[in-house]
Amino acid sequence: MMKSIHGRTLLVLMLLLTLSLPAATAPPVGVVLGGGAARGFSHIGLIQALEENGIPIDLLVGTSMGSIVSSLYAAGYSVDNMRHIVTTLDTAQFIDLSIPPKGGLMNTSRLQCYLDALLDHKQFSQLNIPFYSVITNIRTGEEVALNEGLVSTGVLASMSIPALFPPVLIEDQYFVDGGMKNAVPANVAKDQGADVIIAVDVKKELEHIDHDDVLTNFQLSMWFMIDGYVQVNTAMADVVIVPETKYDSYMDYQKVELFIEQGYQAGLAQMDQIKAAILAQDPGFQFTPYSQEGFSVEELSKITTEAAAKVANLPRPLSVMPELTLEPLGEFPQIGLKIAHGPLGSFSLGYRYGFHPSRGGHEAYLGWARANLGRIRAFIRPPQELDRPTWGTQLELPFTEKTLLSAVYLSQGPTKWQIAGTHRDLIQLAHVSTDLGAKLTQKRTPLAGKPLVVTIHSTLKLYPFAEPRSALEISLVKPYVYGSIALDTPLDSFNAHLSSEVGVGSELTLFGLYPVEVRVGYRNKGTSNTTWAFMIKGGSF
């Protein structure tokens with residue numbers, strides 16, 4: 001009888017002990033997304049591969065672009081949501097050149113505004129997945145894994161490349177890009193309790209190395225100093241993934257889809273190793289594919305539209321910008337300065353000097369501009385060979401993404417007014433592009449009255465390279481040679497006059513973010529009427 005009682009007591013005690021033990025849990029998996037600017041878009045493809053193979057993401061750690069992707073995923077965006085955001089982003093609308101520079105060459109207040117709107121002004125504590133943004137104290141060099149405060153502030157600090165972007169103030173300290181000290185912060189995931197760590201390194205290699213090139217040697221030196229930290233910290237990772245982005249530029253934001261696919265393929269290539277690392281911690285773990293739901297197409301469209309509207313309404317800092325262009329009717333080159341934004345809001349003030357013996361000289365103007373709406377300028381030139389000041393107006397309206405309408409009026413001179421329209425990239429191939437335009441001009445010509453003249457013009461560009469080339473990771477450069485022809489004829493009778501222009505130019509994307517085009521050529525309007533032609537224009541109003 002006593003044995004039976006003791007047996008039942010032991011059974012009850014064992015049952016109570018079993019119930020009191022914590023249930024077995026899967027090992028926490030930390031995903032570490034390294035810095036790499038545009039190459040960091042490969043992180044989106046990696047997350048897709050993890051989801052499709054049932055790899056949980058319990059902790060996110062990011063540096064630079066890795067912080068951006070981590071924050072969006074931790075805030076609930078799906079892979080498809082993130083793909084849509086990065087493929088439709090117009091970086092020129094979110095980045096301002098700071099002239100004169102203030103902490104960095106570019107002002108990032110508009111970019112932070114956009115990120116903050118996408119993240120719904122969330123604090124780190126409000127994210128769906130724990131996320132640590134790695135930043136560097138610019139004064140002490142200390143690495144900080146930020147996990148409190150406004151998420152957008154931490155992300156902006158994590159991507160603020162020194163000299164390019166200004167440092168970010170957090171409490172009473174200034175911080176810059178975490179990649180300066182820890183480009184792939186696997187150690188942070190280890191410190192925060194991850195049992196399995198998957199780290200992604202999107203480091204770049206040089207396709208051609210010339211040790212006689214001073215800048216190449218400097219670039220290599222910077223990379224191996226940063227890579228020394230990477231090797232130390234990634235030693236703590238169970239799996240290190242290196243997407244096949246060997247020679248692609250950090251600044252090539254046009255290759256979003258390619259980078260995403262490279263990240264996806266790199267994740268699949270390491271999937272057996274990732275699963276083995278998890279099974280080593282939990283042999284019974286079941287890999288169940290999943291997909292973060294994210295936002296519907298309608299919801300995402302509303303979010304991004306409202307975010308872009310907030311950016312459009314955000315004041316830009318006062319800036320002084322150089323200008324080198326043709327005068328409104330394209331008759332002679334002008335060089336000058338423009339003061340815009342800041343207390344001027346959408347208005348600008350400018351001065352230009354035109355290189356023409358009778359119609360050039362000094363010019364002052366007042367302008368107004370809004371992105372996607374257009375711009376208008378009113379200008380005045382003091383008397384030179386003409387007996388009174390010349391005044392005029394210039395209007396530009398973006399009709400579609402590639403079509404620009406314009407109108408010009410001058411108070412005196414050979415031309416009274418002109419209405420024009422140009423369609424860019426009518427034909428666009430790897431090495432060739434053409435545009436097509438038309439003008440209607442009212443001439444002041446005493447002998448023929450005031451004839452209306454119709455002009456049809458086209459420009460052909462020939463690119464030696466199918467894709468832009470990186471210039472020391474400062475700019476993407478796509479040079480070209482070009483030729484233009486224009487056919488003029490009076491509207492009431494066909495009496496054709498042909499003019500032409502040839503030259504060289506380049507499409508530039510400064511730091512991969514800000515588009516600029518420069519051009520210099522030689523224009524021929526007849527055997528006795530030739531002139532130089534110059535142009536430089538930025539990517540936004």
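Below, the figures for the structure above:
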{"read-out": "Members of segment 102-130 that are under 19 Å from the mean Cα position of the chain (by Cα) and open to solvent by 60 Å² or more (accessible area, probe 1.4 Å)", "value": "LEU105"}
{"read-out": "Residue under evaluation HIS121, criteria (1) in a strand (DSSP E or B); (2) in contact with a Leu (Cβ under 8 Å, 6 or more places away or on another chain), criterion not met", "value": "(1)"}
{"read-out": "Pair list, Cβ under 9 Å, 6 or more apart: segment 190-212 residue modelled with pLDDT of 85 or more, other residue assigned to a loop (DSSP other than H, G, I, E, B) and polar (S, T, N, Q)", "value": "GLN192/ASN147; ILE198/GLN270"}
{"read-out": "Exclusive hit being more than 22 Å from TYR522 (Cβ to Cβ), crowded, with 17+ Cβ neighbours inside 10 Å and modelled with pLDDT under 80, set LEU447, LEU472, LEU476", "value": "LEU476"}
{"read-out": "Of residues in segment 321-362 being modelled with pLDDT of 80 or more and aliphatic (A, V, I, L, M), the one farthest from LYS102 (Cα to Cα)", "value": "ILE335"}
{"read-out": "Considering residues of segment 450-464 that are part of a strand (DSSP E or B) and of a type in the set (Ser, Thr, Tyr) only, the residue surrounded by the most Cβ atoms within 10 Å (Cβ to Cβ)", "value": "THR459"}
{"read-out": "Residue tally, condition touching a residue at least 24 places away in the same chain (Cβ under 8 Å), farther than 30 Å from LEU268 by Cα and outside any helix (DSSP H, G or I), over segment 286-321", "value": "8"}
{"read-out": "Among residues of segment 131-149, those that are part of a loop (DSSP other than H, G, I, E, B), over 14 Å from MET159 (Cα atoms) and either open to solvent by 60 Å² or more (accessible area, probe 1.4 Å) or touching a Phe, Trp or Tyr at 6+ places or on another chain (Cβ under 8 Å) (or both), counted", "value": "6"}
{"read-out": "Residue check for ASP96: charged (D, E, K, R) and either closer than 26 Å to VAL320 by Cα or surrounded by fewer than 18 Cβ atoms within 10 Å (Cβ to Cβ) (or both)", "value": "yes"}
{"read-out": "Wholly within segment 1-74, helices (runs of 4 or more DSSP H) carrying at least 1 residues that are among the aliphatic types (A, V, I, L, M) and modelled with pLDDT under 50", "value": "2-20"}
{"read-out": "Tally of residues being closer than 21 Å to ALA371 by Cβ, at pLDDT below 90 and of a type in the set (A, V, I, L, M, F, W, C) across segment 382-431", "value": "2"}
{"read-out": "Count - residues of segment 479-490 that are farther than 16 Å from GLY437 by Cα and open to solvent by 60 Å² or more (accessible area, probe 1.4 Å)", "value": "1"}
{"read-out": "Checking GLN418 against (1) surrounded by fewer than 18 Cβ atoms within 10 Å (Cβ to Cβ); (2) under 18 Å from PRO328 (Cβ atoms), the condition it does not meet", "value": "(1)"}
{"read-out": "Filtered residues of segment 378-404 (kept if over 21 Å from GLY336 (Cβ atoms) and open to solvent by 70 Å² or more (accessible area, probe 1.4 Å))", "value": "ASP387, ARG388, LEU397, PHE399, GLU401"}
{"read-out": "Sole residue being of a type outside the set (Lys, Arg), within 21 Å of the chain's Cα centre (by Cα) and surrounded by fewer than 22 Cβ atoms within 10 Å (Cβ to Cβ), chosen from ALA163, ALA157", "value": "ALA163"}
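The values are calculated or read from the model by the stated rules, or taken from the named source; none is laboratory data. If you're wondering where the values come from, they're calculated on a predicted model, not measured in any experiment. When we count neighbours, we look across all protein chains shown, and the Cβ atoms used for this are built from the backbone with ideal geometry, even at glycine. Surface areas here come from the heavy atoms of the whole protein model, side chains and all, with no ligands, DNA or RNA. Shrake-Rupley method; radii C 1.70, N 1.55, O 1.52, S 1.80 Å.
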